[in-house]
Structures are given as C-alpha cells and as structure tokens.
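Working notes, structure below.
Read the figures in this text as sums done on the coordinates, not as results from a lab. Quick caveat: nothing in here was measured; it's all calculated off a predicted structure. With ideal geometry, Cβ positions are generated from the backbone for all residues, glycine too; neighbour counts draw on all protein chains shown.
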Amino acid sequence: MYSEKVMEHFMNPRNVGEIPDADGVGTVGNPVCGDLMTVYIKVKGNRLEDVKFKTFGCGAAIATSSMITELAKGKTIEEALMITRGDVADSLGGLPPIKMHCSNLAADALHAAIKDYLEKKEANK
Amino acid sequence: MDHAAGMPLDPRVFEAMKPYFTENYGNPSSSHSFGASARNALMESREKVARLIGAEKSEDVIFTSGGTESNNLTIKGVAYRNKEKGNHIITTPIEHISVINICKHLQKQGFEVTYMPVDKQGMVDPEKLRDEITDKTILISVMYANGEIGTIQPIREIGKIAHENRIYFHVDAVAAAGKVPINVEEENIDLLSISSNDMYGPRGVGALYVKKGTRIQPVTQGGGQERGLRSGTENIPGIVGMGKAAEIAQEEMVAEGRRLSQLRDELVKGVLDKIERSYLNGHPTKRLANNSNLRFSYIEGESLILGLDMLGIQVSSGSACTSKTLEPSHVLLAIGLAHEEAHGSLVFTMGKQNSEEDVDYVLEVLPGVVKRLRAMSPLTPKEMLR
C-alpha cells in the first residue's frame, strides 16, 4: 500500500521528540480522527535551526511528519511557508489517495508552528 | 494471526472439491447419470452442514454464495413475507456490516429497526431484549459470536424469548460455525447464516438454515433451485467444499477449540502483563477460542499493524485508517469505546497454522513496537516514557 520511502520513514523516523525551549509549536489533527501531530521549531536568524515532531497516527501520518522535518530544517521562514502538502507527499514517492486528505497534515503542523513563532515575535516587539 | 476475514483452504477440502471441477461437472437438475452424481454430492453436503448445526432435516439447509447473501435472503425474505403481520425488527449494533446495512435499507422502506444496546463486553441482555418486543415485531436477528471482539451471545435465552413470543429468530453464525457447537433445534433458531470460508472451506459459498414452515420469500427470481429460495445453478464444487469443511470442523472442533483457547489466553495474559495500559476488548471468557482483541492507549492501530507486519506478524485493526470508510469499527464504538480507543485496537485471530511459537514471538516483539510508537505519540504521558 505504501511506497518504500514511506515505510523507510515510518520505520526510522527523523527528528522525533520535543524541543523544550521551542520558538514555535504547532498542533493539528484530532485523536478522534486518528491523527494528531505536533511540530516544534527552533529559529535562529531567519532560519529553522531545528525541527522536531510528535505524532499519534497511522503510518502515513508518521512518515509525513518525519519528512516535513527533513524538508524544513535549515530553510528560511519564507521558504518553509512555501512547503505544501503536495511537496511532502511527492518527497515520499506518493501516498495512497485516501491518505492524502486525512493523514497528510505535516505541512499544516509546520505552518502552525511558524505562525505561533511569528505571533510570539510580534507580541514581544 | 489474521483469520477473521478469511481462512486458508484446508488441503483435504481442496481434494474433495477437485473431481467436481473436471470429472463430475453435472447439473443437479439434469435427469441423466451426470446429474444424479451432482444431486448426490449436493445431498451429502447438505447433510454434513445440517449435522454441524444440529438441524434434524437436511432439506432445511439452503446453499448460497456466502454469509452476506444468506443474511440478505433471510432478513429481507422474512421482512417482505411478513409485513402484513408487522414491520418491526430487533437486532444489535454489533452485527456484521451486512446485517446493519440490510436493516438500514429496510428502514428506508418503512420497516422499524431496534438496535439493542450491548454492554461493555459486547453482550446482549435477553431480558432487555424482551422489553423491546411489540405486537409488530416479526424478526429478531442476533449474531452467534462477533468476529471482531469474539463475544458469544446468550443465543439459547434469546431463542427461548423469540419462541415464546412467536417471533422468527435469525442468527448470523458466520464467525461461530465450526468453532462452537451449534444446535438450531435446542436453541430455538429458525434461521441461521453460515459461510464456508470462515471454516477453512472455499470462498463464494455459504448456507442458510431455514426451519420448515418459516414464512420467507425469495429475493432473487429464477429456476426455483434450493426450495425456490435461491434460484440459480448450484455451485457444486463449492458446495462439496463447504460440506467437507463442515465435516472436518465438526470432527476437530473440540480439540482445536481447546488448543486455540489456550493460545489465546497465553497471548492475552502475556500482553496485559508485559504492556502497561493495554486492555482486552470483549468478554473475558465468553469469547471465540481464536479471538483476542487488544487495545493499547496513546497509539493508533494502523501504525501498529505496519510495525508488526515488518516483523512478519499479520493482524487487523479496529482503526479507521485501515477501513474504506475512514470510520473506526462500529463494533468497538457500540461497546462504548471512544474513537481514539477504537483506533488503538488490534485483532489477533489464530487458526490451525498458529502455534505456541507464534504467541511467544508476538510477546517478544509487540512490547517494543508499542513502546516505539508511544515514544513518538504526543498523547503518551511523560512519566510513561522515563
């Protein structure tokens, strides 16, 4: 059902965990639906110095979470905001159609974390 | 360890079927000797199935294409034929999806359906069921055992109540037949659905027991085979296979049931001992010998299935993520589990191929898979990760 790349990320997910002093945190999804993702970011200058995740969900949810951390790490805020759900799926060699909508939430979680960061920054001005 | 949705064909069954594909291809409706051979095979298979379910008259067994067709024929056939008497059906919310969807279909046509709530272990309370009976009730349909959570219903008690109230009693025994002794006469069952594939027989064949005198009408029209209730040329190789599977099941049921229930209990005990916040879904003792349905907090079933699959263990789940509809199992929701609990449930169904070694292997690797997924989950309490 899943591509080799998805299975590889599912078995060996990158950047699992929390960042205790994260600059931004974004949570999307809902355990009721079967997928819940939290992405943590650490920003230095204008770049994402570190990105970590925690995910409750199916294989696709875990693989997309892992992939978003790889795609986003080292990117500028502007670049990271340009990463789409489609980019995540493409980087994983595609996802089953039914998973595109329900489990492909990682880009949303990243964007939520960046939004959180930007709002905090605004508030501290 | 996934035998719930289909079992491998028993080689002895395959051997019995073979001649009916090549040498004995007669049609039971033909008058010549080829036809007679097919008629004989049909009769013998009917007798074997009748014996398995304790039916006194083998002609009360009608062959169909499987459990879904048997359920359609019996529920629609009784509902349509008895609608002058009443329009009320009593069933449960944990029935097989075919029964649930047939009932929903009938509701659109003006029938009223009561879905009797079950308790946390998936049990129907016969006395509460009695209270739901009205003078419009024409059919009670309750499954013998649930294939997903394994719970075995108090069929005899429900049968007695149905009989006392002169209401037809249908039992979907697809998950139970060949695994637990069934006796349609003693248990007051008027109609009973079974499937060949759930007892190591071929796919595409099933049976419906229809007690003589039951007012039922066909749902397909044709040449009048199977007492007019199931027209269409009989699937002789399939029926022979089902007969053989029924015969083997009857011979081996007791010993195999004892063996499987031991394995099941070891698996359940081992998992509950080794993995904290793990739970057994369904009834602790009144359950199918081959079924263990286990729940793990904070993680999701599909990722568990994938993790186990990578280690060579095949199981199924109550999770939405493995279904076509994206809804978690209706059975798990009906026994009162929250959505996230239903998502985190795994079904282990063991069969003839499974042994003690398989249970040991699951107990060896499952805790690690659970631990790894919990370490990733934002729902896992921090103190559990230390």
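Kirkwood analysis of the Cα pair distances in the range B:253-378 returns a hydrodynamic radius of 14.7 Å.
How far, in degrees from 0 to 90, does helix B:356-376 lean away from the longest principal axis of the Cα atoms of chain B, to the nearest 10? Here the helix axis deviates by roughly 50 degrees.
Taking label points 7 Å from Cα along the Cα-to-Cβ direction, A:M82 and B:S33 give a separation of 8.4 nm.
Can you tell me the convex hull volume per residue for the range B:151-256, based on C-alpha atoms, in Å³ to the nearest whole number?
Details: hull volume 11.8 nm³, N = 106.
Here the figure is 112 Å³ per residue.
How big is the convex hull of the Cα atoms of chain A, per residue, in Å³?
On the way: hull volume 11.6 nm³, N = 125.
Considering the Cα atoms of chain A, their hull volume per residue is 93 Å³.
In terms of other Cβ atoms within 10 Å, B:L385, A:L48 run from fewest to most in the order B:L385, A:L48.
Collect residues whose amide H, placed 1.01 Å from N in the peptide plane, falls under 5 Å from the amide H of A:V43; neighbours closer than 5 in sequence don't count. It is A:D23, A:E49, by chain and number. Each of A:M100 and B:S355 was given a label point 7 Å from its Cα along the Cα-to-Cβ line. The distance between the two points is 4.7 nm. Which value, in debye to the nearest 20, describes the size of the charge dipole of the range A:4-119 about its Cα centre when Lys and Arg Cβ atoms bear +1, Asp and Glu Cβ atoms bear -1, and nothing else is charged? Using only the charged Cβ atoms, the result is roughly 120 debye.
Restricting to Cα pairs below 8 Å that are 6+ residues apart, what does the relative contact order work out to for the range B:209-272? Please round to a whole percent. Before the final figure, lay out the partial values.
Numbers: 22 pairs, mean separation 9.2, N = 64.
14 percent.
Size descriptors for the range B:89-231 (Cα atoms only): Rg and Dmax, in that order, 15.0, 47 Å. DSSP beta bridges fully contained in chain B are about 65 percent antiparallel.
With an 8 Å Cα cut-off and a minimum separation of 6 or more residues, compute the relative contact order for chain B in percent.
Values: 769 pairs, mean separation 79.0, N = 386.
Relative contact order comes out at 20 percent.
Calculated over chain B, the projected area of the Cα convex hull averaged across directions stands at 19.7 nm².
The calculated P(r) of the range B:19-68, using every Cα pair and 10 Å bins from 0, goes 25, 44, 29, 2 in percent. Summarising the amide proton neighbourhood of B:E112: residues at separation of 5 or more, or on other chains, whose placed amide H is nearer than 5 Å comprise B:H88, B:I89. Taking every Cα-Cα distance in the range A:59-122 and sorting them into 5 Å bins starting at zero, the pair-distance distribution P(r) comes out as 3, 19, 31, 22, 13, 8, 3, 1 percent.
Rank B:I94, B:G67, B:N82 by how far each Cα sits towards the positive end of the charge dipole of the range B:54-118 (+1 on Lys, Arg Cβ; -1 on Asp, Glu Cβ) and give me just the farthest. Value computed over the given set: B:N82.
About its Cα centre, the range B:11-249 has a charge dipole of approximately 500 debye under the convention of +1 per Lys or Arg Cβ and -1 per Asp or Glu Cβ, with nothing else charged. For chain B, the longest principal axis of the Cα atoms and the long axis of helix B:33-52 meet at an angle of about 50 degrees.
Every Cα-Cα pair of the protein assembly as shown was included, and the share exceeding 42 Å stands at 31 percent. Principal-axis analysis of the Cα atoms of chain A puts helix A:106-123 at an angle of about 10° to the longest axis.
If you take each beta carbon of peptide A:50-60 and count the beta carbons of other chains within 10 angstrom, what is the mean?
Values: counts 0, 0, 0, 2, 6, 7, 14, 11, 13, 9, 4.
For this peptide, the per-residue mean of nearby foreign Cβ atoms is 6.
Got a sec? Charge dipole of chain B, +1 on Cβ for Lys and Arg, -1 for Asp and Glu; which of B:I305, B:G178, B:L192 is way out at the positive end? Farthest towards the positive end: B:L192. Listed by chain and number, the lysines whose C-alpha is less than 17 Å from the C-alpha of A:K54, apart from same-chain residues fewer than 8 away, are A:K42, A:K73, B:K371, B:K382. Each Lys and Arg adds +1 at its Cβ and each Asp and Glu adds -1 at its Cβ; summed about the Cα centre, the range B:139-230 shows a dipole of about 320 debye.
Nearest 5 percent is fine: what portion of the DSSP beta bridges confined to the protein assembly as shown is antiparallel? Roughly 75 percent of the DSSP beta bridges within the protein assembly as shown come out antiparallel.
Between B:K83 and B:R130, take the C-beta separation as r, use R0 = 25 Å, and let me know the FRET efficiency to the nearest 0.05. If you can, show how the numbers build up before the last one.
On the way: r = 23 Å, r/R0 = 0.92.
The computed FRET efficiency comes out at 0.65.
Partner chain Cβ atoms within 10 Å, averaged over the residues of A:10-19 - can you pull that number for me?
Details: counts 4, 4, 0, 2, 0, 0, 3, 2, 2, 0.
Rounded to a whole number, the mean comes out at 2.
Considering only the other residues whose Cβ falls under 13 Å of the Cβ of B:D119, what net charge follows from Lys and Arg at +1 and Asp and Glu at -1?
Values: positive: B:K120, B:K128, B:K286; negative: B:D125, B:E127.
Once positives and negatives cancel, what remains is +1.
Listed from fewest to most Cβ neighbours within 10 Å, the set A:C58, A:C33, B:C103 follows the order A:C33, B:C103, A:C58.
In the range A:1-94, which GluC sites (Glu not before Pro) fall in coil by DSSP and have 16 or fewer other Cβ atoms within 10 Å? Could the numbers behind the result be given before it?
On the way: sites: A:E4, A:E8, A:E18, A:E49, A:E70, A:E78, A:E79; in loops: A:E18.
Loop-located and lightly packed - A:E18.
Under Stokes-Einstein, with the Kirkwood radius over Cα pairs standing in for Rh, what whole-number D in µm²/s applies to the range B:191-324 at 10 °C and 1.306 mPa s? Roughly 86 µm²/s, to the nearest whole number.
Fewest first, what order do B:S196, B:S70 take by the number of other Cβ atoms within 10 Å? Don't jump to the answer; show the numbers that get you there.
Working: B:S196 33, B:S70 29.
By the 10 Å Cβ count, ascending, the order reads B:S70, B:S196.
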